[in-house]
Amino acid sequence: MFIGRSHELNSLENVYSKDGFGMTVIYGRRRVGKSYLIAQFIKDKKKIFYTATKVGAERNLELFSKQVMEVLDPDYRDVKFSAIEDVFDVITKKVQDEKVVLVIDELPYWAEKDESLLSVLQKYIDTQWLEKNIMLILCGSALSFMEKKVLSEKSPVFGRRDSQIKLEAFNYRDSSLFVPNYSAEEKAICYGVTGGVAKYLALFDATKSLDENIKRLFFSTDGYLFDETKNLLTQEFADVTIVNNIIEQIASGENALNIIAAKVHEKETTVLYFLEKLIDVGLVEKKKCITEEKNKKKTQYVLKDHMFKFWYEFIPKAISVIEMGQGELYYDKVVKTQIHAFMGSVFEEMCRYYTLEQGILGELGSFLTEVGTWWGVEQLTDLQGNKFRQSADIDVVGISGIDKTAVIGECKFKNEKIDKGIYETLLRRGELLSKKYKINKYLLFSLSGYTNWFDTIDMSNVVLITVDDMYR
């Protein structure tokens, strides 16, 4: 069953429907569903679909040419070609009236070993294929390669594409389509443990309970996600040990470069190198304070992939128990009691998405152009009149660069209702925001609802939002 991605399919169809040559670049992290999207798009079309591998330029040429001949001239499928130009000549000659979709998936594996590949492609696009009924799709998981070598102005194929698709993980609402009968709370947790990654969502059996799915996938030695982090890191990194150590620190809450470097006993330059690689493969992101984005001191490294965060929070401590066949017991005794705490940062990200979406639609009194978080220091006075400073943060900050207004919010994924104290803290911290923005809405997001205290105050600038509301 194919779920979602209607916008991306429409984009591909638009390129396919144009006369002559068309080209789309698709990129995104592993497991996000790029190949599945392409397979859905080409299923009723004439196509040549080649997936490059780490076997060197000559072997990729051999396998690619076999795939081309299988489709265009099956009687000569075993013909050997000495150069990629010879294969492209066959494509030029054989493609006539019927449109052909030519897909090169995992392009970086081939192009990194054959630096002339993109230049040769550019030559054929410009001199042979412009009037040909060819749709070329270049796809890859190495984000930096696709952005620097394929999409940038320095790329030989720059300016030849008709569209580009950076395929992201599903948002929390689209993720729920995989488990339509779950409650809103269960849908949120399903999103939290999969990160909206298409492959992981597809592993959930919608006829089984949330607990059953998590136990089967994570807490059993034959579960797909039990070894997934190691498998992914092994595919991307030669030195898995140092990368694993860095991720462990980020997952535990350390998000400053100098602290991470100290904890893993490596130079900051070394850690920064691997952090940039982790960003490149979509596992880590650099988070900035929304009102101080140019302040390098206010930069945090956080796990972008929620599944990785879940795995590192619970699996390493449970390896021995799982290997003894008692993973389900560990889940019941330990994980289930802590899963709401784990969901805290996931829920905040969900709330930021919801806020931006509603802000764009004009539902929050401002046309929001950006949503993020804020953190800093606040000064307080205790009951004895002594002043002290403490760290402070605001989970959701949506700003309008147009009319300089803002909305701010607090998020609680807990089995307790939000009360007066949370609201008053949000009001107080709102005073710490840059004076450039006028706050016109205070948002409170809650799993368990709100106390009756809110019935006693002026609610004209307060919006109370439940998890159920976020899925409507």
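The values are calculated or read from the model by the stated rules, or taken from the named source; none is laboratory data. Not measured: the values here are computed from a predicted model. All Cβ positions, glycine included, derive from the backbone under ideal geometry; neighbour counts span all protein chains shown.
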*Residue satisfying all of: in the stretch 84-116; in contact (Cβ under 8 Å) with a residue 60 or more places away in the chain and closer than 15 Å to Leu61 by Cα; nearest to the chain's Cα centre (by Cα) among these*: Asp105
*more than 21 Å from Asn415 (Cα to Cα), free of Cβ contacts under 8 Å to residues at least 40 places away in the same chain and in a helix (DSSP H, G or I), is that true of Val334?*
no
*If you take the residues in the stretch 222-243 that are surrounded by 14 or more Cβ atoms within 10 Å (Cβ to Cβ), assigned to a loop (DSSP other than H, G, I, E, B) and not charged (D, E, K, R), which one is modelled with the lowest pLDDT?*
Phe237
*Considering only the stretch 175-191, how many residues are of a type outside the set (A, V, I, L, M), in contact with a Phe, Trp or Tyr (Cβ under 7 Å, 6 or more places away or on another chain) and touching a residue at least 40 places away in the same chain (Cβ under 8 Å)?*
4
*Given Tyr331, Tyr353, which one is outside the structural domain of Leu143 (by TED's automatic domain parsing) and buried (at least 19 other Cβ atoms within 10 Å of the Cβ)?*
Tyr331
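This table checks each residue for (1) out of contact with any strand residue (DSSP E or B) (no Cβ under 8 Å at 6 or more places or on another chain); (2) buried (at least 22 other Cβ atoms within 10 Å of the Cβ); (3) closer than 29 Å to Leu303 by Cα; (4) at pLDDT below 95.
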position	(1), (2), (3), (4)
Gln128	yes, no, no, no
Ser155	yes, no, no, no
Arg160	no, no, no, no
Leu167	no, no, yes, no
Arg173	yes, no, yes, no
*Looking at Val15, Val25, which is the one that is touching a Leu at 6+ places or on another chain (Cβ under 8 Å) and touching a residue at least 60 places away in the same chain (Cβ under 8 Å)?*
Val25
*Which one is farthest from Leu356 (Cα to Cα) among residues in the stretch 399-416 that are in contact with an Asp or Glu (Cβ under 7 Å, 6 or more places away or on another chain) and surrounded by 24 or more Cβ atoms within 10 Å (Cβ to Cβ)?*
Cys411
